[in-house]
Amino acid sequence: MQPYTAELLQPWVDSARKRGLRDIAFTDHDRYRAGIDFDEIDKLREKHVDLKIRAGIELDNDPVNSAAGRKWVEKHWDKLDFVLGSVHFLERDDQMFDSVPAGAAQFADRDIDVLYADYFRRVREIAATGLVDCLAHIDLIKIHGHRANADVGALIGETLDLIRSRNLAIELSTAGWRKPVNELYPSDRIIELAVEKEIPFTTASDAHSYAQLGENFDRLAEKMSILGVREVCVYEKHKRQTRVVCTL
(Lines give C-alpha, C1' and ligand atoms only; values in the text may rest on other atoms or scores of the structure.)
Protein backbone atom coordinates (compact mmCIF):
# COMPACT_ATOMS: atom_id res chain seq x y z
CA MET A 1 0.00 0.00 0.00
CA GLN A 2 1.41 3.36 -1.07
CA PRO A 3 -0.34 6.62 -0.14
CA TYR A 4 -1.27 8.74 -3.15
CA THR A 5 1.16 11.63 -3.54
CA ALA A 6 2.13 13.88 -6.42
CA GLU A 7 5.40 11.98 -6.71
CA LEU A 8 3.61 8.62 -6.92
CA LEU A 9 1.00 9.70 -9.46
CA GLN A 10 3.00 11.96 -11.77
CA PRO A 11 4.78 9.11 -13.63
CA TRP A 12 1.38 7.78 -14.68
CA VAL A 13 0.56 11.12 -16.27
CA ASP A 14 3.92 11.20 -18.02
CA SER A 15 3.41 7.66 -19.30
CA ALA A 16 -0.10 8.49 -20.53
CA ARG A 17 1.22 11.39 -22.56
CA LYS A 18 4.03 9.27 -23.96
CA ARG A 19 1.48 6.66 -25.08
CA GLY A 20 -0.87 9.26 -26.54
CA LEU A 21 -3.61 8.54 -24.02
CA ARG A 22 -6.09 11.29 -23.18
CA ASP A 23 -8.11 9.46 -20.55
CA ILE A 24 -6.94 7.27 -17.64
CA ALA A 25 -8.47 5.77 -14.51
CA PHE A 26 -6.78 4.81 -11.26
CA THR A 27 -8.31 1.52 -10.06
CA ASP A 28 -6.30 0.14 -7.16
CA HIS A 29 -7.57 -2.99 -5.47
CA ASP A 30 -9.82 -2.25 -2.51
CA ARG A 31 -7.28 -3.86 -0.14
CA TYR A 32 -5.13 -0.77 -0.82
CA ARG A 33 -7.97 1.69 -0.19
CA ALA A 34 -6.13 3.36 2.70
CA GLY A 35 -3.69 4.86 0.22
CA ILE A 36 -6.31 6.47 -2.01
CA ASP A 37 -6.44 10.24 -1.59
CA PHE A 38 -9.14 12.01 -3.59
CA ASP A 39 -7.57 15.38 -2.82
CA GLU A 40 -4.36 14.27 -4.53
CA ILE A 41 -6.35 13.15 -7.56
CA ASP A 42 -8.05 16.55 -7.68
CA LYS A 43 -4.68 18.29 -7.52
CA LEU A 44 -3.46 16.16 -10.39
CA ARG A 45 -6.55 17.06 -12.40
CA GLU A 46 -6.01 20.75 -11.80
CA LYS A 47 -2.40 20.49 -12.90
CA HIS A 48 -3.10 18.45 -16.03
CA VAL A 49 -6.34 19.75 -17.48
CA ASP A 50 -5.60 18.24 -20.89
CA LEU A 51 -5.78 14.71 -19.47
CA LYS A 52 -9.01 13.21 -18.17
CA ILE A 53 -8.21 11.52 -14.85
CA ARG A 54 -10.85 9.28 -13.34
CA ALA A 55 -11.02 7.97 -9.79
CA GLY A 56 -11.84 4.30 -9.48
CA ILE A 57 -11.28 1.15 -7.49
CA GLU A 58 -11.33 -2.60 -8.06
CA LEU A 59 -13.60 -4.41 -5.64
CA ASP A 60 -12.85 -8.12 -5.51
CA ASN A 61 -13.84 -11.14 -3.44
CA ASP A 62 -10.90 -11.06 -1.03
CA PRO A 63 -12.21 -13.02 1.98
CA VAL A 64 -10.19 -10.87 4.39
CA ASN A 65 -10.59 -7.37 2.99
CA SER A 66 -13.66 -7.19 0.79
CA ALA A 67 -16.30 -6.65 3.48
CA ALA A 68 -14.46 -3.50 4.54
CA GLY A 69 -13.82 -2.68 0.90
CA ARG A 70 -17.53 -2.71 0.13
CA LYS A 71 -18.24 -0.39 3.04
CA TRP A 72 -15.51 1.94 1.76
CA VAL A 73 -17.03 1.96 -1.72
CA GLU A 74 -20.46 2.76 -0.28
CA LYS A 75 -18.99 5.60 1.79
CA HIS A 76 -17.04 7.11 -1.11
CA TRP A 77 -19.45 6.27 -3.94
CA ASP A 78 -20.01 9.90 -4.89
CA LYS A 79 -16.28 10.54 -5.17
CA LEU A 80 -15.68 7.57 -7.42
CA ASP A 81 -16.16 7.61 -11.16
CA PHE A 82 -15.82 3.91 -11.68
CA VAL A 83 -15.89 0.64 -9.74
CA LEU A 84 -14.55 -2.58 -11.21
CA GLY A 85 -15.70 -5.94 -9.89
CA SER A 86 -13.44 -8.96 -9.99
CA VAL A 87 -12.82 -12.45 -8.62
CA HIS A 88 -9.35 -13.45 -7.44
CA PHE A 89 -10.14 -16.12 -4.84
CA LEU A 90 -11.63 -19.57 -5.26
CA GLU A 91 -11.67 -22.13 -2.44
CA ARG A 92 -8.48 -20.98 -0.73
CA ASP A 93 -8.76 -17.90 1.47
CA ASP A 94 -5.01 -17.48 1.78
CA GLN A 95 -3.98 -17.31 -1.87
CA MET A 96 -5.25 -15.63 -5.02
CA PHE A 97 -5.69 -18.26 -7.73
CA ASP A 98 -4.13 -15.88 -10.27
CA SER A 99 -0.80 -15.66 -8.43
CA VAL A 100 1.94 -16.53 -10.91
CA PRO A 101 3.20 -19.19 -10.69
CA ALA A 102 2.04 -20.34 -7.23
CA GLY A 103 -1.69 -20.08 -7.94
CA ALA A 104 -1.48 -22.69 -10.68
CA ALA A 105 -1.28 -25.38 -7.99
CA GLN A 106 -4.95 -24.76 -7.19
CA PHE A 107 -5.83 -26.25 -10.57
CA ALA A 108 -3.83 -29.46 -10.21
CA ASP A 109 -5.90 -32.63 -10.59
CA ARG A 110 -9.14 -30.63 -10.61
CA ASP A 111 -12.12 -30.76 -12.97
CA ILE A 112 -11.55 -27.58 -14.93
CA ASP A 113 -15.19 -27.17 -15.93
CA VAL A 114 -16.20 -27.33 -12.27
CA LEU A 115 -13.66 -24.62 -11.44
CA TYR A 116 -14.92 -22.49 -14.33
CA ALA A 117 -18.51 -22.85 -13.14
CA ASP A 118 -17.54 -21.97 -9.57
CA TYR A 119 -15.54 -18.96 -10.78
CA PHE A 120 -18.39 -17.56 -12.88
CA ARG A 121 -20.78 -18.07 -9.94
CA ARG A 122 -18.49 -15.84 -7.90
CA VAL A 123 -18.44 -13.28 -10.72
CA ARG A 124 -22.24 -13.18 -10.56
CA GLU A 125 -22.08 -12.55 -6.82
CA ILE A 126 -19.85 -9.50 -7.41
CA ALA A 127 -22.07 -8.28 -10.24
CA ALA A 128 -25.15 -8.58 -8.03
CA THR A 129 -23.79 -6.38 -5.24
CA GLY A 130 -24.98 -3.19 -6.92
CA LEU A 131 -21.57 -1.68 -6.19
CA VAL A 132 -19.81 -2.20 -9.52
CA ASP A 133 -20.01 -0.57 -12.93
CA CYS A 134 -17.95 -3.07 -14.88
CA LEU A 135 -16.53 -6.58 -14.53
CA ALA A 136 -12.75 -6.81 -14.81
CA HIS A 137 -10.87 -9.54 -16.75
CA ILE A 138 -14.02 -11.61 -16.70
CA ASP A 139 -12.34 -14.89 -17.72
CA LEU A 140 -9.32 -14.53 -15.44
CA ILE A 141 -9.84 -18.19 -14.56
CA LYS A 142 -7.85 -19.08 -17.71
CA ILE A 143 -4.72 -17.20 -16.55
CA HIS A 144 -2.51 -20.30 -16.20
CA GLY A 145 -3.64 -21.70 -19.53
CA HIS A 146 -6.38 -24.03 -18.30
CA ARG A 147 -9.15 -24.17 -20.89
CA ALA A 148 -12.69 -25.31 -20.31
CA ASN A 149 -13.61 -28.65 -21.84
CA ALA A 150 -17.23 -27.58 -22.16
CA ASP A 151 -18.34 -24.73 -24.40
CA VAL A 152 -17.27 -21.57 -22.58
CA GLY A 153 -20.41 -19.90 -23.90
CA ALA A 154 -22.52 -22.35 -21.93
CA LEU A 155 -20.43 -21.83 -18.81
CA ILE A 156 -20.61 -18.03 -18.93
CA GLY A 157 -24.10 -17.60 -20.40
CA GLU A 158 -25.92 -17.01 -17.10
CA THR A 159 -23.21 -14.54 -16.05
CA LEU A 160 -23.50 -12.50 -19.25
CA ASP A 161 -27.29 -12.47 -18.91
CA LEU A 162 -26.97 -11.07 -15.38
CA ILE A 163 -24.48 -8.42 -16.53
CA ARG A 164 -26.83 -7.38 -19.31
CA SER A 165 -29.86 -7.27 -17.01
CA ARG A 166 -28.00 -5.00 -14.60
CA ASN A 167 -26.72 -2.77 -17.40
CA LEU A 168 -23.07 -3.34 -16.52
CA ALA A 169 -20.01 -3.37 -18.78
CA ILE A 170 -17.18 -5.82 -19.18
CA GLU A 171 -13.53 -5.00 -19.65
CA LEU A 172 -11.30 -5.71 -22.64
CA SER A 173 -7.97 -6.11 -20.87
CA THR A 174 -4.61 -6.44 -22.57
CA ALA A 175 -3.12 -7.79 -19.32
CA GLY A 176 -3.86 -11.32 -20.48
CA TRP A 177 -1.20 -10.99 -23.16
CA ARG A 178 1.49 -10.65 -20.50
CA LYS A 179 0.25 -13.62 -18.46
CA PRO A 180 0.94 -17.34 -18.99
CA VAL A 181 -2.29 -17.75 -21.01
CA ASN A 182 -1.06 -15.11 -23.51
CA GLU A 183 -4.58 -14.15 -24.55
CA LEU A 184 -6.75 -11.07 -24.28
CA TYR A 185 -9.29 -10.98 -21.47
CA PRO A 186 -11.89 -12.08 -22.39
CA SER A 187 -11.59 -14.68 -25.14
CA ASP A 188 -12.89 -14.05 -28.66
CA ARG A 189 -15.91 -16.29 -28.03
CA ILE A 190 -16.95 -14.35 -24.95
CA ILE A 191 -16.52 -11.04 -26.77
CA GLU A 192 -18.72 -12.30 -29.60
CA LEU A 193 -21.43 -13.35 -27.13
CA ALA A 194 -21.22 -10.00 -25.33
CA VAL A 195 -21.56 -8.15 -28.64
CA GLU A 196 -24.67 -10.22 -29.44
CA LYS A 197 -26.16 -9.29 -26.07
CA GLU A 198 -25.21 -5.61 -26.56
CA ILE A 199 -23.08 -5.56 -23.43
CA PRO A 200 -20.79 -2.50 -23.49
CA PHE A 201 -17.02 -2.67 -23.12
CA THR A 202 -14.34 -0.66 -21.42
CA THR A 203 -10.64 -0.93 -22.31
CA ALA A 204 -7.81 -1.55 -19.86
CA SER A 205 -4.19 -2.51 -19.58
CA ASP A 206 -4.52 -3.34 -15.85
CA ALA A 207 -1.16 -1.64 -15.42
CA HIS A 208 0.57 -2.47 -12.16
CA SER A 209 3.33 -0.09 -13.21
CA TYR A 210 3.15 3.14 -15.17
CA ALA A 211 5.42 1.43 -17.72
CA GLN A 212 2.54 -0.95 -18.55
CA LEU A 213 -0.02 1.80 -19.12
CA GLY A 214 -1.71 1.39 -22.50
CA GLU A 215 0.34 -1.73 -23.21
CA ASN A 216 -0.71 -3.55 -26.41
CA PHE A 217 -3.50 -1.09 -27.18
CA ASP A 218 -2.60 -1.18 -30.89
CA ARG A 219 -3.03 -4.94 -30.77
CA LEU A 220 -6.31 -4.48 -28.90
CA ALA A 221 -7.60 -2.07 -31.54
CA GLU A 222 -6.93 -4.66 -34.24
CA LYS A 223 -8.74 -7.35 -32.24
CA MET A 224 -11.73 -5.06 -31.68
CA SER A 225 -11.96 -4.32 -35.39
CA ILE A 226 -11.93 -8.02 -36.25
CA LEU A 227 -14.61 -8.88 -33.69
CA GLY A 228 -16.90 -5.97 -34.56
CA VAL A 229 -16.48 -3.89 -31.42
CA ARG A 230 -17.25 -0.38 -32.65
CA GLU A 231 -17.75 1.41 -29.34
CA VAL A 232 -16.24 1.51 -25.88
CA CYS A 233 -17.41 3.35 -22.81
CA VAL A 234 -16.00 5.41 -19.98
CA TYR A 235 -17.55 6.40 -16.68
CA GLU A 236 -17.89 9.71 -14.88
CA LYS A 237 -19.52 9.55 -11.46
CA HIS A 238 -20.83 6.13 -12.53
CA LYS A 239 -22.56 7.58 -15.60
CA ARG A 240 -21.61 5.70 -18.73
CA GLN A 241 -20.46 7.62 -21.78
CA THR A 242 -19.99 5.97 -25.15
CA ARG A 243 -17.04 6.54 -27.48
CA VAL A 244 -17.03 5.41 -31.10
CA VAL A 245 -13.67 3.80 -31.79
CA CYS A 246 -14.11 2.14 -35.17
CA THR A 247 -16.49 2.61 -38.07
CA LEU A 248 -17.49 0.18 -40.79
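The values are calculated or read from the model by the stated rules, or taken from the named source; none is laboratory data. Nothing here was measured: the structure is a model prediction, and the numbers come from that model. A quick note on method: Cβ atoms are made from the backbone with ideal geometry, for glycine too, and the neighbour counts reach across all protein chains shown. For the accessible areas, the whole protein counts, side chains as well, though only heavy atoms, and no ligand, DNA or RNA atoms are used. Shrake-Rupley method; radii C 1.70, N 1.55, O 1.52, S 1.80 Å.
Just a few scattered comments:
- The distance linking the range 106-130 with the range 209-230 is 26 Å (Cα centroid to Cα centroid, whole angstrom).
- The mean of 1/r over all distinct Cα pairs in the range 70-130, once inverted, gives the Kirkwood hydrodynamic radius of 13.4 Å.
- Note on residue 236 and residue 189: with the Förster distance fixed at 35 Å, the Cβ-Cβ geometry gives a FRET efficiency of about 0.65.
- Surface share of carbon and sulfur [accessible, 1.4 angstrom probe, percent] for the range 1-158: 49 percent
- From helices alone, the chain scores -10500 deg cm²/dmol at 222 nm; the rule is -39500 (n - 2.57) for each run of n ≥ 4 DSSP H residues, then divide by the residue total.
- Helix 112-127 axis versus longest C-alpha principal axis of the chain: approximately 40°, rounded to the nearest ten.
- Distant alpha-carbon pairs in the range 51-181 (separation over 26 angstrom), percent: 22 percent
- Rounded to 10°, Cα long-axis angle of helix 66-75 versus longest principal axis of the chain: 40 degrees
- Hydrodynamic radius of the range 1-103 per Kirkwood, over alpha carbon pairs, in Å: 14.9 Å
- Note on residue 118: accessible area approximately 30 square angstrom, rounded to 10, probe 1.4 Å, nucleic acids and ligands left out.
- With all protein chains modelled, accessible area of residue 26 [1.4 Å, Å²]: 20 Å²
- Distance (nanometres) between label positions extended 7 Å along Cα→Cβ at residue 218 and residue 109: 4.7 nm
- Taking amide H as placed 1.01 Å from N in the peptide plane, the amide H of residue 135 sits under 5 Å from that of 85, 169, 170, 171, each at least 5 places away or on another chain.
- Proximity of backbone amide H atoms, modeled 1.01 Å from N, is registered between residue 25 and 54 at under 5 Å, excluding neighbours fewer than 5 places apart on the same chain.
- Computed from the Cβ-Cβ distance with R0 of 45 Å, the FRET efficiency linking residue 92 to residue 45 stands at 0.70.
- Cα gyration tensor shape for the range 129-248, rounded if a/c is under 1.5, else prolate or oblate: rounded
- Per residue, in Å², the accessible surface of the chain once ligands and nucleic acids are set aside, probe 1.4 Å: 48 Å²
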